[in-house]
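The values are calculated or read from the model by the stated rules, or taken from the named source; none is laboratory data. No experiment lies behind these values; they were computed from the predicted model shown. Quick reminder, even Gly has a Cβ in these numbers, built from the backbone with ideal geometry, and neighbours come from all protein chains shown. These area figures cover heavy atoms from the full protein model, side chains too; ligands, DNA and RNA do not enter into them. Shrake-Rupley method; radii C 1.70, N 1.55, O 1.52, S 1.80 Å.
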Amino acid sequence: ILSTFTACGRGDSADIPKEAPDVILVTSESGLGDLGLNDSCWEGCSRAAEKWDLSVYCIESESAEDYAAKITEAVGMEPQLILCAGEDMQDALMSIAEVYPEQKFAIIDKNGLGENVTGITFQEQDGAFLAGIAAGMVTESRIVSFIGGQQSILQDCFQYGFTSGVRTVASDVYVNTQYVGDSSDAAAAKMLAGAHEALGSDVIYQTAGEAGSGIAETAAAKGIFVIGTDLTLYSEAEDAVLCAIVRKA
């Protein structure tokens, strides 16, 4: 087993390890610092490195167009496993996995897609249900909001669970649902959250990825609650965070 190390880079040769890592994380376009899935994946990799004496390395994508190149770069480093952070990376991953059948891959938020691709999924609706219970119990305006990233089956699971949780404890509470459309557009998410607050929402459950930081900023500025996903967003709005739903394998 290799000595434990953790590192992350955007392709700078000075940062590339001399020996093959056990696990390489390839991030989505929002990269590390997104206070969402990428950060959660890297935190998990780092914990695994400590617990099982693994070497882990991270390659950050700067755009969706980078995915194929970054995954190919990871293949060239010959790790035991390449982990892709998010369902948006599926097309790029599958095209490369077919070319390298001996390489083991995994992808978050998708079911297994091939003999050498393992899907890692969660019961998102269960955690979202608990978020809905929390929102329904604390709302005073009787209006709460769900703000997702780009609409998908995954996002709909979050929304369904949240709405069901709210109505379990407070059937008279209205759930205002909307999607940002771009999980990297924090400015758009911030404006959207402001509009929801103006309409009366005093709790917002966000599953908008990196864009969630904009929602947290609005919550802090307007004096309302935000519920985070994957990470707590404390750094953005410590006093405004009601709770966070953290997915674990």
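Accessible surface ranking for TRP42, TRP52, 1.4 angstrom probe, highest first: TRP52, TRP42. Tell me whether region 61-123 comes out rounded, prolate or oblate; compute the Cα gyration tensor, take square roots of the eigenvalues as a ≥ b ≥ c, and use a/c under 1.5 as the rounded threshold. Verdict is oblate for region 61-123. Shape verdict for region 155-249, please, from the Cα gyration tensor: rounded (a/c under 1.5), prolate (a/b greater than b/c) or oblate. In terms of gyration-tensor shape, rounded. Under the definition of Cα pairs under 8 Å and six or more residues apart, what whole-number percent is the relative contact order of region 127-199? Reported relative contact order: 39 percent. With a cut-off of 10 Å between beta carbons, the residues surrounding THR118 carry a summed charge of +1, where Lys and Arg count +1 and Asp and Glu -1. Couplings 3J(HN,Hα) of region 175-191, computed from phi: 9, 8, 10, 7, 10, 5, x, 8, 6, 9, 9, 5, 5, 5, 5, 5, 5 Hz, in residue order, whole Hz [Karplus 6.51 cos²θ - 1.76 cosθ + 1.60, θ = phi - 60°; x for Gly and Pro]. Entry comment: accessible area of the chain is 47 Å² per residue, from protein heavy atoms only and a probe of 1.4 Å. Ordering 138-144, 185-191, 28-34 by mean Cβ neighbour count within 10 Å, with the highest value first, yields 28-34, 185-191, 138-144.
Taking every C-alpha pair closer than 8 Å and separated by at least 6 residues, the mean separation divided by the residue count of the chain gives a relative contact order of 16 percent.
List the GluC sites (Glu not before Pro) within region 83-116 that DSSP assigns to loop and that have no more than 12 neighbouring Cβ atoms inside 10 Å. Those that pass, being in a loop and sparsely packed, are GLU102, GLU115.
For region 114-249, with all protein chains in place and a probe radius of 1.4 Å, 51% of the accessible heavy-atom surface sits on carbon or sulfur. Given [x] 0.95; [y] 1.02; [z] 0.98, which label gives Rg/Rh (Cα atoms, Kirkwood Rh) as computed from the coordinates? Answer label, from the structure shown: [y].
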